[in-house]
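Worksheet for the structure shown next.
Read-outs: derived from the displayed coordinates by stated rules, not from any lab. Just so we're clear, the structure is a prediction, and the values are computed from it rather than from any experiment. Note: ideal-geometry Cβ built from the backbone for every residue, glycine included; neighbour counts use all protein chains shown.
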Amino acid sequence: MNEAITIQEAQEMVDQWIKKYGVRYFDILTNMACLTEEVGEVARVIARKYGEQSFKEGDKANLGEELTDVLWVLICLANQTGVNLTEEFRKNMEKKTRRDSTRHLNNQKLQ
Ligand SMILES: [Mg+2]
């Protein structure tokens, strides 16, 4: 269960799952709404676990599950819009490093 899954493999796994069990992808706007919903579920857990909000009886508090729900829908959106997340992640890391290589080091608020 600890075998690494690449981003590309995750995109393929989601695509195969959708084709086998999901009939088809929800349309892009529906998945955008689903992504927003799942981000809200992450916020709910964090507000209760790390913030000042309290749990109600029956509240579930599985942050890993909720973050993975976000990842799932994000991968769906990438797949259906033709985004290669491996390539984009690499580009994003390069961009952040180019842009912010000294920014946070020089941020006195972080010292
Ligand atoms: Mg969820």
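The residues 72, 17, when put in order of fewest to most other Cβ atoms within 10 Å, stand as 17, 72. Between 65, 94, 41, the residue with the greatest mean-square fluctuation in the GNM of the chain (Cα pairs under 10 Å linked by springs) is 94. Our summary gives the chain a relative contact order of 34 percent, counting only alpha carbon pairs under 8 angstrom and 6 or more residues apart. The GNM of the chain, with springs linking C-alpha atoms under 10 angstrom apart, assigns the highest mean-square fluctuation among 68, 30, 97 to 97. Rounded to the nearest 500, the helix-only mean residue ellipticity at 222 nm of the chain stands at -22000 deg cm²/dmol, with each DSSP H run of n ≥ 4 adding -39,500 (n - 2.57). Of 44, 98, 90, the residue with the greatest mean-square motion in the GNM of the chain, using alpha carbon springs below 10 Å, is 98.
Residue exposure proxy: 66, 37, ordered by other Cβ atoms within 10 angstrom of their Cβ from fewest to most, comes out as 37, 66. In order along segment 14-19, the phi-based Karplus estimate (6.51 cos²θ - 1.76 cosθ + 1.60, θ = phi - 60°) of 3J(HN,Hα) comes to 5, 4, 5, 5, 4, 5 Hz; Gly and Pro are listed as x.
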